[in-house]
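Structure, as structure tokens:
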Amino acid sequence: MIWTLETVSLGGRLRDVTLRIAPGVTAVLGPSGAGKTSLLNLLVGFERPTAGQITSRGDRLFWVPPDDGLWPHLTVIEHLRVVRPAAGVELLAEFDLAEKAHCRPGTLSRGERARLAVARALAADARVLVMDEPLAHVAPAHVGKYWDAIRRRLAQTEASLVFATHAPATVLAEAQQVVCVRDARVLFA
């Protein structure tokens, strides 16, 4: 198991969550305000539970927060090189960002920033990636292409992914496991 949660609560945002997250691709599915981001914040250690216990394998984790977590002073290519010094533009090309390699995040569209955050996570060579709605701001016509790139990179590195989403179609296409969250509770895992 990557994580085991035993009767975990986080204020009023999550209540009595008992859950096991296995290696592979796990989707956390639910509507806005359901508790998806709160659950991910607990998994990555950004927040601590108010009750219960979380056990983590805890090795080589990389987190993509809901605001992408980009550094405004770094260029697109520098975002990759800070996590992997030998990173080249080939990964940027997979996310249609090669031509933006020397741009800073403030000059990118919301979708380009989201793609950069995902590319940086993949470059990090982490064993576990945690992404909060990673491609929510990307044009629907192109989302499949970027999920293909994510899938290829996960297969190459044998990394696990836990991602939050509102989209049941994405869960059906990409996840091996699903955690359904509603009203601060896990309904199904």
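The values are calculated or read from the model by the stated rules, or taken from the named source; none is laboratory data. The structure presented is a predicted model; accordingly, all values stated were derived computationally and were not measured. We place every Cβ from the backbone using ideal geometry, glycine too, and count neighbours over all the protein chains shown. The area values use the complete protein model at the heavy-atom level, side chains included, leaving out ligands, DNA and RNA. Shrake-Rupley method; radii C 1.70, N 1.55, O 1.52, S 1.80 Å.
Given the conditions (1) in contact (Cβ under 8 Å) with a residue 24 or more places away in the chain; (2) surrounded by fewer than 23 Cβ atoms within 10 Å (Cβ to Cβ), and given that Val17 satisfies all but one, which numbered condition is not satisfied?
Condition not satisfied by Val17: (2).
Taking segment 117-135 as the search range and keeping residues that are touching a Phe, Trp or Tyr at 6+ places or on another chain (Cβ under 7 Å) and in a helix (DSSP H, G or I), which one is farthest from Val179 (Cα to Cα)? Full working, then the answer.
Applying the first criterion (touching a Phe, Trp or Tyr at 6+ places or on another chain (Cβ under 7 Å)) to segment 117-135 yields 118-119, 121, 124, 126, 129-131, 134-135.
Next, from what is left, pick out any that are in a helix (DSSP H, G or I): 118-119, 121.
Values: Val118: 21, Ala119: 24, Ala121: 22 Å.
For segment 117-135, the residue satisfying everything is Ala119.
Look through segment 55-73, keep the residues that are of a type in the set (Asp, Glu) and surrounded by fewer than 18 Cβ atoms within 10 Å (Cβ to Cβ), and return whichever of them is farthest from Val162 (Cα to Cα).
Ranking the candidates gives Asp67 first.
In segment 140-159, is there at least one residue being open to solvent by 70 Å² or more (accessible area, probe 1.4 Å), over 29 Å from Leu108 (Cα atoms), outside any loop (DSSP other than H, G, I, E, B) and without any contact (Cβ under 8 Å) to a residue 60 or more places away in the chain?
Here is the first cut: in segment 140-159, the residues open to solvent by 70 Å² or more (accessible area, probe 1.4 Å) are 140-142, 145, 151-152, 155-156, 158.
Filter once more, so that each one left must be over 29 Å from Leu108 (Cα atoms): 158.
Filter once more, so that each one left must be outside any loop (DSSP other than H, G, I, E, B): none.
Among the residues of segment 140-159, not one is open to solvent by 70 Å² or more (accessible area, probe 1.4 Å), over 29 Å from Leu108 (Cα atoms), outside any loop (DSSP other than H, G, I, E, B) and without any contact (Cβ under 8 Å) to a residue 60 or more places away in the chain, which makes the answer no.
Go through Val25, Val76 for me and flag whichever is touching a strand residue (DSSP E or B) at 6+ places or on another chain (Cβ under 7 Å), crowded, with 16+ Cβ neighbours inside 10 Å and at pLDDT 95 or above.
Selected residue: Val25, the only one of Val25, Val76 that is touching a strand residue (DSSP E or B) at 6+ places or on another chain (Cβ under 7 Å), crowded, with 16+ Cβ neighbours inside 10 Å and at pLDDT 95 or above.
Run Phe188 past the list (1) touching a Cys at 6+ places or on another chain (Cβ under 7 Å); (2) open to solvent by less than 60 Å² (accessible area, probe 1.4 Å) and report the number of the one that doesn't hold.
(2)
Can you tell me which residues in segment 41-64 are more than 18 Å from Leu14 (Cα to Cα) and touching an Asp or Glu at 6+ places or on another chain (Cβ under 9 Å)?
Correct list: Arg60, Phe62, Trp63, Val64.
Taking the criterion of being in a loop (DSSP other than H, G, I, E, B) and either closer than 27 Å to Ile77 by Cβ or open to solvent by 40 Å² or more (accessible area, probe 1.4 Å) (or both), would at least one residue in segment 108-116 satisfy it?
yes
Which numbered condition in (1) assigned to a strand (DSSP E or B); (2) more than 15 Å from the chain's Cα centre (by Cα); (3) among the small types (Gly, Ala, Ser) is the only one that Gly12 fails?
(1)
What do you reckon, is Ala136 touching a residue at least 24 places away in the same chain (Cβ under 8 Å), open to solvent by 10 Å² or more (accessible area, probe 1.4 Å) and either out of contact with any Gly (no Cβ under 7 Å at 6 or more places or on another chain) or closer than 24 Å to Arg57 by Cβ (or both)?
On the way: touching a residue at least 24 places away in the same chain (Cβ under 8 Å): yes; open to solvent by 10 Å² or more (accessible area, probe 1.4 Å): yes; either out of contact with any Gly (no Cβ under 7 Å at 6 or more places or on another chain) or closer than 24 Å to Arg57 by Cβ (or both): yes.
Here the answer is yes, as Ala136 does meet what is asked.
Can you tell me which residue among Gly33, Gly52 is more than 19 Å from Ala124 (Cα to Cα) and surrounded by fewer than 17 Cβ atoms within 10 Å (Cβ to Cβ)?
Gly33
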